[in-house]
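Asker: Got a structure for you, written out below as structure tokens; questions coming shortly.
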Amino acid sequence: MKTRWITTVAEMKAFRAETPKSLALVPTMGALHEGHLSLVRQAKTQCDVTVVSVFVNPTQFGPTEDLARYPRSPEKDLELLRSLEVDVVFAPSSTEIYPAGFATFLDPGHITTVFEGAIRPGHFRGVATVVLKLFNIVRPDIAFFGQKDFQQVVVIRRLVEDFNLPVRIVVCPIVREADGLAKSSRNVYLNAEDRKAALLLSHSLERAEEMAQAGEGDAQKLLEEIRKTFDAEPRVQLDYAAIVNPATLEPVAQVIPGSVALLAARLGTVRLIDNLIFGPSGSPPQLRLQLPLTTQPADKESSATPRPEIESLRLSIENCRDCAAVSSISLPPREFLAKYLKRDYPDLHSTRVLVIGRCAPINPAGLPYCRPQALNRFATGLYDLLGVRNFGEFKPRFALTDAARCHATVNRVDGRTLEYCAKHLRQELKLFPNLQSIVILGEDAYLQFQKHILSRQLANIKPFKQLLKSEGWAQETAPLPWYGQRDVRIFYCYHPTFDNNKSPSLAPYLE
Ligand code: AMP
């Protein structure tokens, strides 16, 4: 396969216009190393077409920073990307991206004033601006970024959410040298002595992790230990060390799984950054990337009868390249129904009603399957709607799953996410051979069901609010193809958590 080298915006746009397939973008500044290549490999497993951009973005460098001497190795980069069979290398010039008259920049808000933002004023303004431009030019379905630049990931995720960009962000773990130093294009500037001293970054993070594993949860104590290690090595100046909440970057007092330690240090003129996501002992990086949003361990699988069809569905969802398995700090909990089927539904034939909610909650502890006694707003609203008092009454009659298992943090789930998740929902539905009714909670689940399960055209789907307007609920009877076109009753209701309105109880219709 030939790797195409594109240098103009016009040609890149034309390529995208001719490419109906799923497309991944890996933005880089070149001088590629194994860290970048890990992103490319991940991208190739998740999309049909992979574009790697190589652009040393001038607007993210400050006036005193190293733009002119930033390492560049275009021939070697191309060779590496060819060997990985990348489809397109997009390597525009500065003037192609910032033509004369360019004037508009993004302001990513307060995050630009802390850590890298505080030390490199304007840096994230430049990053957000160029990434938005690249997204607009390349129009990727998924874009890949490294955990190595943790704050950058937080900025990009905000950008995508704030501007409703139709792109999924996947974050890949930090790739390190054999001795632990995080791979970076800037490592080539370290002389032998500094290269040795640079190990302080990863070593001090490892030390903090050891202490946390041994039970030290006080962030200040861990930071003191990190600072002490740096004080002992005059070659390395610590710019900052902090332990933060991964979503807000606010410092935390107590370390929990998912908290992130951020470090930046200087060796002469070379600045290095590193970070660590705290997690269970020995947990793999992929899992840690999910921890910021999934702090609850998966439930214990029951040892009951083997249920190969459930297991294969569970694995297919966990390994889905489109949604649940995306290793990303943007990954919400995977506590969808497939995980609980074996334990809670010994006989799938007896379930008559499936309830489809909107998305797995940010805190899985709130999910009835995780904490059956929980009576939070969702559980109370759900039980009221169905006419049961608690989870004990719910479980023998109903099963609960979600329309969207990814991007659950955004207020409005985008259509593409609903499409990704619909295939798993369909598989879950098929597991219950005797379903008589389906209860749909809220607009996202409604849209997903209408469009992707009942295969209706958007133009023929009534707006949700209009549908529910007079009664507060609506119903229809529709045949589902995999039940041999057997009719199933479908109830559409307000969502107990996301909607302000409340639907009346469906109990009389669900006997
Ligand atoms: P850069 O060329 O430095 O802008 O990096 C391009 C992408 O590669 C960014 O998303 C970085 O976070 C990612 N990256 C850089 N170094 C590493 C590494 N050691 N491990 C994983 N990803 C990395």
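The values are calculated or read from the model by the stated rules, or taken from the named source; none is laboratory data. None of these values were measured; they are calculated from a predicted model. A quick note on method: Cβ atoms are made from the backbone with ideal geometry, for glycine too, and the neighbour counts reach across all protein chains shown. Note: areas computed on protein heavy atoms with side chains; ligands, DNA, RNA excluded. Shrake-Rupley method; radii C 1.70, N 1.55, O 1.52, S 1.80 Å.
Asker: Considering only Cα-Cα distances, which of the following residue pairs are longer than 19 Å: Lys2/Lys133; Lys430/Lys469; Lys430/Lys451; Lys21/Lys462; Lys423/Lys465; Lys2/Lys44?
Answerer: Details: Lys2/Lys133 26 Å; Lys430/Lys469 31 Å; Lys430/Lys451 17 Å; Lys21/Lys462 30 Å; Lys423/Lys465 25 Å; Lys2/Lys44 15 Å.
With Cα atoms farther than 19 Å apart: Lys2/Lys133; Lys430/Lys469; Lys21/Lys462; Lys423/Lys465.
Asker: Using a 1.4 Å probe and ignoring any ligands, DNA or RNA, find the accessible area of Glu116 and quote it in Å² to the nearest 10.
Answerer: 10
Asker: Please state the charge dipole magnitude for region 138-258, taken about the Cα centre, from unit charges on C-beta atoms (+1 on K and R, -1 on D and E), reported in debye and rounded to the nearest 20. Don't skip to the end; give the middle numbers.
Answerer: On the way: 15 positive and 19 negative charges, 95 e Å.
My answer is approximately 460 debye.
Asker: Can you tell me how region 191-230 classifies by the Cα gyration tensor, rounded, prolate or oblate, using a/c under 1.5 as the rounded cut? Write down the numbers at each step before the final one.
Answerer: Numbers: a/c = 4.98, a/b = 2.40, b/c = 2.08.
Taking the square roots of the gyration eigenvalues as a ≥ b ≥ c, region 191-230 is prolate.
Asker: In addition: Going toward the positive end of the dipole of the chain, with +1 on Lys and Arg Cβ and -1 on Asp and Glu Cβ, which of Gln450, Cys421, Phe90 do you reach last?
Answerer: Toward the positive end, the furthest listed residue is Gln450.
Asker: Rounded, prolate or oblate: pick one for region 138-219, where a ≥ b ≥ c are the square roots of the eigenvalues of its C-alpha gyration tensor, a/c under 1.5 means rounded, and failing that, prolate if a/b is larger than b/c, else oblate. Could the numbers behind the result be given before it?
Answerer: Values: a/c = 3.09, a/b = 1.53, b/c = 2.02.
Judged from the Cα gyration tensor, region 138-219 comes out oblate (a/c at least 1.5, b/c at or above a/b).
Asker: Calculate what fraction, in whole %, of the accessible area of the chain sits on carbon and sulfur atoms when a 1.4 Å probe is rolled over the protein chains. Please list the in-between numbers first.
Answerer: Details: 11640 of 22110 Å².
Carbon and sulfur atoms account for 53 percent of the accessible area of the chain.
Asker: Would you kindly state how much longer the chain becomes between Glu79 and Ser283 on full extension, computed as 0.36 nm times their sequence separation minus their alpha carbon distance, in nm to one decimal?
Answerer: Values: separation 204, 0.36 × 204 = 73.44 nm, distance 3.42 nm.
So the extension gain works out to 70.0 nm.
Asker: For region 421-490, what is the accessible area per residue in Å², given a 1.4 Å probe and the full set of protein chains? Before the final figure, lay out each step's value.
Answerer: Numbers: 3230 Å² over 70 residues.
Result: 46 Å² of accessible area for each residue.
Asker: Give me the net charge for the shell around Ala379: Cβ to Cβ below 13 angstrom, other residues only, Lys and Arg +1, Asp and Glu -1. Walk me through the intermediate numbers first.
Answerer: On the way: positive: Arg371, Arg377, Arg389, Lys395; negative: Asp384, Glu393.
Charge balance near Ala379 sits at +2.
Asker: Additional query: Which angle from 0 to 90°, rounded to the nearest 10, does the C-alpha axis of helix 219-231 make with the longest principal axis of the chain?
Answerer: 20
Asker: Still on this model: Counting other Cβ atoms within 10 Å, which trypsin sites (Lys or Arg not before Pro) in region 139-183 have at most 12 and lie in a DSSP loop? Write out the running numbers ahead of the final one.
Answerer: Values: sites: Lys148, Arg157, Arg158, Arg168, Arg176, Lys183; in loops: Lys183.
Answer in residue order: no site qualifies.
Asker: Measuring from centroid to centroid over Cα atoms, what is the spacing of region 484-502 and region 193-245 in Å?
Answerer: Here the two parts' Cα centres lie 52 Å apart.
Asker: Next question, about the same structure. Within the chain, which is the longest segment containing none of the chymotrypsin sites (Phe, Trp or Tyr not before Pro) that sit in a DSSP loop and have at most 15 other Cβ atoms within 10 Å?
Answerer: Values: sites that count: Phe102, Phe105, Phe163.
With a cap of 15 other Cβ atoms within 10 Å, the longest stretch comes to 164-511.
Asker: Can I ask one more? Once Lys and Arg get +1 and Asp and Glu get -1 on their Cβ, which of Phe102, Ser204, Gln220 lies farthest toward the positive end of the dipole of the chain?
Answerer: Checked the options; the winner is Phe102.
Asker: Sort Thr45, Thr3, Thr269, Thr497 by heavy-atom solvent-accessible area, probe 1.4 angstrom, most to least.
Answerer: On the way: Thr45 85, Thr3 10, Thr269 115, Thr497 50 Å².
Accessible-area ranking of Thr45, Thr3, Thr269, Thr497, largest first: Thr269, Thr45, Thr497, Thr3.
Asker: Determine the percent antiparallel among the DSSP beta bridges restricted to the chain, to the nearest 5. Write down the numbers at each step before the final one.
Answerer: Details: 26 of 60 bridges.
Counting DSSP beta bridges with both partners in the chain, the antiparallel share is about 45 percent.
Asker: Using the Cα centre as the reference, give the magnitude of the dipole from point charges on the C-beta atoms of region 440-511 (Lys, Arg: +1; Asp, Glu: -1; all else neutral), rounded to the nearest 20 debye.
Answerer: Numbers: 8 positive and 7 negative charges, 36 e Å.
About 180 debye.
Asker: Then there's this: Provide the per residue accessible area, probe 1.4 Å, for region 105-250, rounded to a whole number of square angstrom.
Answerer: Working: 6160 Å² over 146 residues.
Heavy-atom accessible area per residue stands at 42 Å².
Asker: With an 8 Å cut-off on Cα pairs and a minimum separation of 6 or more residues, tell me the relative contact order of region 226-267 in percent. Please list the in-between numbers first.
Answerer: On the way: 56 pairs, mean separation 18.1, N = 42.
Relative contact order of region 226-267: 43 percent.
Asker: Same structure again: In whole Å and largest first, what semi-axes does the C-alpha gyration tensor of the chain yield when each eigenvalue is scaled by 5 and square-rooted? Could you put the intermediate results ahead of the total?
Answerer: Details: eigenvalues 392, 155, 79 Å².
Output for the chain: semi-axes of 44, 28, 20 Å.
Asker: Also, quick follow-up: Quick one: which residues, 5 or more positions from Val252 or on another chain, have an amide H under 5 Å from its amide H? H modelled 1.01 Å from N in the peptide plane, none for Pro or chain starts.
Answerer: Ile243, Val244, Asn245
Asker: Here is a follow-up. Could you work out how far helix 74-83 tilts from the main Cα principal axis of the chain, as a 0 to 90 degree angle to the nearest 10?
Answerer: The two axes meet at around 40 degrees.
Asker: Right, something else. First check a/c for region 159-291, with a ≥ b ≥ c the square roots of the eigenvalues of its C-alpha gyration tensor; if it is under 1.5, answer rounded, and if not, answer prolate when a/b is larger than b/c or oblate otherwise.
Answerer: On the way: a/c = 1.72, a/b = 1.23, b/c = 1.41.
Oblate, since a/c reaches 1.5 and b/c is not below a/b.
Asker: Assign unit charges at the C-beta atoms only (+1 for Lys and Arg, -1 for Asp and Glu), then state the dipole size of the chain relative to its Cα centre in Debye, rounded to the nearest 20. The partial results should precede the final answer.
Answerer: Details: 61 positive and 56 negative charges, 220 e Å.
Roughly 1060 debye, rounded to the nearest 20.
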